[in-house]
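J.: Structure provided below as structure tokens; questions to follow.
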Amino acid sequence: MTFLIPMSQKELNRYDIIKRLIHKEINGPKAANLLKLSTRQIRRLKAKTKESGAAGLIHGNRGKQSNHKIPETNKEKMVALLHKHYYDFGPTLAQEKLTEIHHIIHDPKTIRQIMIDEKLWQPKAKRQKSEHRQWRQRKSNFGEMVQFDGSYEYWFEDRNDKCCLLASVDDATGKIIKAKFAQDEGVFPVFGFWLEYLKKQGKPHFVYLDKFSTYKMTQKVAQDNHDTKTQFQRAMAELQIEPIFANSPQAKGRVERLFGTLQDRLIKELRLNNISSIKAANEFLEKTFIPIFNAKFSVEPKSKANLHTPLTQKERKQLASIFSRQILRTVQNDFTISFKNHWYQLTKEQPATICKKDKVIVEEHLDGQVMIRLRSKHLNYQVLPVRPKKQSQPWVLAATLKTPALMENAKATN
């Protein structure tokens, strides 16, 4: 039985030129120039064409089964696993899991083609050219600059509510230094994140972040008065860490790309490990996910030195105070202070002299403790059950009794 093997247009054009060469219509160098091949290749093609005709220009393996073709039983097993466990994975991550969990070793390109054929994955459309942006070189040292942000997502899919992942990535190495799940990106979750970060790593020189309201005031009053700071800016200033505010998401691209990767990989890892709570997810992040992620994706810095600055003993003692919500309050004439619908009575025994109308700072700590500070001294106080009532003055009472309604009541009583 004879099988007909079709020729491509390129092969037909090549055959036409080789025929002209055989018929001496052109010479070897001319044929080589037309086909953009060497004269040695032209001589070989000429000999094959004389021996086998047009078929001599067709590759010998055309129409034959590849030696590297996956056996059907193996392919069926892979397809079943992909449909059951990895139906929404990307080809690279699916290949990693097939190798890691099922000991099926194949090139990601092979898995990619199988997933395309099974309609489990669709290649991304080619991106249109965006506006020109100048590439910023990485910092040279680990700890020199840290990019920080939060990402709201259904990290546990339908197994729990939407929450926020706070993450810091080192600019020089691309390492995730710390990541932590929290309910939101408010002041207290962010303070809790950085308190743990600094205790373990020390202080980075710069923190690169966006202009979210937790980090930077964007109202006109803040723009007009540069001394107006958020709680986060105030804490960073006390620690002498300089925040840098990005004008666009692309400016802090390293942490933005990190979240893009985590929204794909981390969500699926949490699913495979049956994790559906913030507490369990934070433990998984620290002990398992981050070490593996950093080993796979981080790069070596240009310089070996770690530029994190260790905390001094004084800074360690003040961390709880620095990472507290601080509000300015005025001491009333009866030496009381109001804060969050509660009244606080300053006691007689104090480490500092207090005067009426003094401005004091009320600190709300992460553990819920409230402290009152004046000139770096924490004051003694008692929590009052209710707001103290003012005594009525005699002239006020007399004026009140002159009202017609009260006078009539007074006559009726007499």
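The values are calculated or read from the model by the stated rules, or taken from the named source; none is laboratory data. Everything quoted here is computed from the prediction, not taken from an experiment. For neighbour counting, all protein chains shown are included, and Cβ atoms are generated from backbone atoms with ideal geometry for every residue, glycine included.
J.: Output the qualifying pairs, or none if there are none: Cβ atoms under 9 angstrom, residues six or more apart or on different chains, first residue in the stretch 261-286 and over 12 Å from residue 159 (Cβ atoms), second residue assigned to a helix (DSSP H, G or I) and among the basic types (Lys, Arg).
T.: 268/97; 272/97
J.: Report, ordered by the first and then the second residue, all pairs with beta carbons closer than 6 Å, sequence separation of six or more or different chains, a first member in the stretch 163-177 that is within 14 Å of residue 291 (Cα to Cα), and a second member that is assigned to a strand (DSSP E or B) and polar (S, T, N, Q).
T.: Close Cβ pairs satisfying both conditions: 169/147; 177/168.
J.: I would also like to ask the following. Tell me which residues, restricted to the stretch 330-349, are in a strand (DSSP E or B) and under 37 Å from the mean Cα position of the chain (by Cα).
T.: Correct list: 339 only.
J.: Looking only at the stretch 157-216, which residues are more than 12 Å from the chain's Cα centre (by Cα), assigned to a strand (DSSP E or B) and either more than 20 Å from residue 302 (Cβ to Cβ) or among the basic types (Lys, Arg) (or both)?
T.: 163, 182, 203, 207
J.: If you scan the stretch 173-185, which residues turn out to be within 21 Å of residue 236 (Cα to Cα) and surrounded by 16 or more Cβ atoms within 10 Å (Cβ to Cβ)?
T.: 176, 177, 178, 179, 180, 182, 185
J.: Whether any residue in the stretch 332-339 is more than 24 Å from residue 386 (Cβ to Cβ) and either among the aliphatic types (A, V, I, L, M) or free of Cβ contacts under 8 Å to residues at least 40 places away in the same chain (or both) is what I want to check.
T.: No: zero hits.
J.: Can you go through 192, 186, 202, 174 and tell me which one is of a type outside the set (D, E, K, R), over 16 Å from residue 267 (Cβ atoms) and touching a Pro at 6+ places or on another chain (Cβ under 6 Å)?
T.: Testing whether each residue is of a type outside the set (D, E, K, R), over 16 Å from residue 267 (Cβ atoms) and touching a Pro at 6+ places or on another chain (Cβ under 6 Å) leaves just 202.
J.: Another one. Kindly provide the set of residues from the stretch 227-284 that are in a helix (DSSP H, G or I), modelled with pLDDT under 95 and among the aromatic types (Phe, Trp, Tyr), ordered by number.
T.: If the condition is that a residue be in a helix (DSSP H, G or I), modelled with pLDDT under 95 and among the aromatic types (Phe, Trp, Tyr), then 232, 259 are the ones that fit.
J.: Could you check the stretch 288-328 and list, in sequence order, the residues that are outside any helix (DSSP H, G or I), out of contact with any strand residue (DSSP E or B) (no Cβ under 7 Å at 6 or more places or on another chain) and not aliphatic (A, V, I, L, M)?
T.: Across the stretch 288-328, the qualifying residues are 298, 300, 302, 303, 304, 310, 312, 323.
J.: Further, regarding this structure: Of all residues in the stretch 351-368 being touching a strand residue (DSSP E or B) at 6+ places or on another chain (Cβ under 8 Å) and part of a loop (DSSP other than H, G, I, E, B), which is nearest to residue 190 (Cα to Cα)?
T.: Filtering first and then ranking leaves 365.
J.: Suppose we keep only residues that are polar (S, T, N, Q) and over 26 Å from residue 186 (Cα atoms) within the stretch 331-349. Which one would you say is surrounded by the most Cβ atoms within 10 Å (Cβ to Cβ)?
T.: Restricting to residues being polar (S, T, N, Q) and over 26 Å from residue 186 (Cα atoms), the top hit is 336.
J.: Output the number of the condition that residue 352 fails; it satisfies all remaining conditions of (1) of a type in the set (Gly, Ala, Ser); (2) within 38 Å of the chain's Cα centre (by Cα); (3) surrounded by 13 or more Cβ atoms within 10 Å (Cβ to Cβ).
T.: (2)
Quick grid of which residues meet (1) closer than 18 Å to residue 284 by Cα; (2) among the polar types (S, T, N, Q):
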residue: 160; (1), (2): yes, yes
residue: 167; (1), (2): yes, no
residue: 182; (1), (2): yes, no
residue: 205; (1), (2): no, no
residue: 215; (1), (2): no, no
